[in-house]
Amino acid sequence: MGPGPSDVHPRVLRAMATPLVGYLDPSFVEIMTDVQELLRYVFRTDNEYTLAVSGTGSAAMEAAFANLVEPGETVLVPSNGYFGGRMGEMAARVGGEVVTADAPWGEPLDPATIEAAFDEHQPTVVGVVHGETSTGVRQPEIDEIARIVHEYDAYLVVDTVASLGGVEFRTDEWGADLVYSGSQKCLSAPPGASPLTLSDRAMEKVRNRETQPRSWYLDLEGLWTYWGDDPQYHHTGMTSTVYALREALRLVAEEGIQARWERHRRLAGALKAGVEAMGLELLPADEHWLPSLNAVRIPAAADGDALTSRLLEDDGIEIAAGLGDLAGEVVRVGCMGHSARPANVLPTVGALGRALDAQGVDVDVGAGVAATNRELGE
Ligand SMILES: *Cc1c(COP(=O)(O)O)cnc(C)c1O
């Protein structure tokens, strides 16, 4: 119940034990094609350029900025969370001039702030984080942000590492130009094959670069020689990880993407109701709540690190301490993919309550567990 890796379904574990074949074996190429089709379904896109980048979510993030940004271009990234900061660091390392769209940690970006940043800085690439794992904030109005970005003929990159497959996201309808994710959060696959999709227009920008991307390994044109029609060797495909990702994506398709969004809302909603009934609160306002990652404020008297250790040692439940600016102020309870089940949510609420109580914090554990139970029963 942390920020990933989430629990993996037994079918995904079994898929990982499939015997290996060559990375250009026709049977493996078929599996890659399945992965691409299933990723289009999950991303809600018709983008041809849809693939899985070797590496974790950060590799996909790096692929986004290494390809879309040329040295000297201005890149706008958010200041309201840890992963927005990582975007900025990556954009700077590929030679971008980084400017920030400011909002406090715990709040989303206001599209008006992005509009103002265009007036001031004229960025060509804008990054936003859909589900900010450090704050538990869901960025709303991606469609409105995309509209502004396109008015200025710029490109919108969206990080959905902690939300894809768990929280509503619509690439085409909302107008995102490049969207990337990770496999080990709401998709409940092992880490190592990270979904990425980009529009024809974004791929045009990559193809028309004046300078080659500084990363050879993450060069999207190079990756497409392997993931496109008539696959050629670029680097060895991640055989077992791709088997696993396909199985995890099939589980998403079997459940149905809308049903899956709904399940995350329901299960995380029960968790949220429980911590609130206990007397605690989440960091973000209700309308920006990210069901896949619940940032629970802890009183100043509580010790976040001791809480997470106690849950792990006494209850066998993994949650995470606060990250970056929020260290010591929140604990982060994930509710992702195959982990988002009643059998996990209910014990987590009880264990968190008991651990806080043991630290002398005044919480009503019984009321919390009862509230979670009631929500789960509805
Ligand atoms: C986890 C996460 C990342 C980084 O992914 P890794 O798999 O750790 O490389 C990036 N962005 C967000 C929002 C995340 O939650």
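Quick notes on this one:
- The set of residues in segment 121-144 that are of a type in the set (Ser, Thr, Tyr) and within 16 Å of the ligand (Cβ to nearest atom) comprises Thr133, Ser134, Thr135.
- Ala295 crowded, with 17+ Cβ neighbours inside 10 Å, in contact with a His (Cβ under 6 Å, 6 or more places away or on another chain) and hydrophobic (A, V, I, L, M, F, W, C): no
- Close Cβ contacts (under 6 Å, 6 or more residues apart or on different chains) running from residues in segment 274-298 that are assigned by TED's automatic domain parsing to the domain that holds His264 and of a type in the set (Val, Ile, Thr) to residues that are in a loop (DSSP other than H, G, I, E, B) and surrounded by fewer than 24 Cβ atoms within 10 Å (Cβ to Cβ) comprise Val296/Leu280.
- Residues of segment 355-372 classified as assigned to a helix (DSSP H, G or I) and crowded, with 17+ Cβ neighbours inside 10 Å, total: 7
- Picking from residues in segment 170-186 that are in a loop (DSSP other than H, G, I, E, B) and more than 12 Å from the ligand (Cβ to nearest atom), the one that is surrounded by the fewest Cβ atoms within 10 Å (Cβ to Cβ) is Arg170.
- Per the listing Arg310, Arg332, the residue uniquely in a strand (DSSP E or B), at pLDDT 95 or above and among the charged types (D, E, K, R) is Arg332.
- Residues that are modelled with pLDDT of 95 or more and either out of contact with any strand residue (DSSP E or B) (no Cβ under 8 Å at 6 or more places or on another chain) or acidic (Asp, Glu) (or both) were ranked within segment 313-326; the one that is surrounded by the most Cβ atoms within 10 Å (Cβ to Cβ) is Ile317.
- Elements of type strands (runs of 3 or more DSSP E) contained in segment 34-144, each with 3 or more residues being of a type outside the set (Asp, Glu) and within 30 Å of Gly322 (Cβ to Cβ): 74-78, 97-101, 125-129
- Some residue of segment 115-127 being closer than 20 Å to Gly57 by Cβ and small (Gly, Ala, Ser): yes
- Residue within segment 49-66 that is over 19 Å from the mean Cα position of the chain (by Cα), of a type in the set (Asp, Glu) and modelled with pLDDT of 95 or more present: no
- Of everything listed in (1) over 22 Å from the mean Cα position of the chain (by Cα); (2) within 30 Å of Pro347 (Cα to Cα), the single unmet condition for Leu245 is (1).
- Complete set of residues in segment 145-167 that are among the acidic types (Asp, Glu) and within 16 Å of the ligand (Cβ to nearest atom): Asp159
- Segment 67-92: number of residues that are of a type in the set (Ser, Thr, Tyr) and in contact with a helix residue (DSSP H, G or I) (Cβ under 7 Å, 6 or more places away or on another chain): 2
- In the set Thr33, Thr56, only one residue is under 27 Å from Thr236 (Cα atoms), surrounded by fewer than 22 Cβ atoms within 10 Å (Cβ to Cβ) and in contact with a Pro (Cβ under 6 Å, 6 or more places away or on another chain); that residue is Thr56.
- Any hit, segment 189-201, residues being under 16 Å from Asn67 (Cα atoms) and either without any contact (Cβ under 8 Å) to a residue 60 or more places away in the chain or not assigned by TED's automatic domain parsing to the domain that holds Phe65 (or both): yes
- Applying the criterion of being within 13 Å of the ligand (Cβ to nearest atom) and of a type in the set (A, V, I, L, M) to the residues of segment 59-74, the residue that is surrounded by the fewest Cβ atoms within 10 Å (Cβ to Cβ) is Ala59.
- In segment 193-233, the residue that is surrounded by the fewest Cβ atoms within 10 Å (Cβ to Cβ) out of those that are under 24 Å from the mean Cα position of the chain (by Cα) and of a type in the set (Phe, Trp, Tyr) is Tyr217.
The values are calculated or read from the model by the stated rules, or taken from the named source; none is laboratory data. Keep in mind that what you see is a predicted model, and the values were worked out from it rather than measured. Glycine gets a Cβ as well: all are built from the backbone with ideal geometry, and neighbour counts include every protein chain shown.
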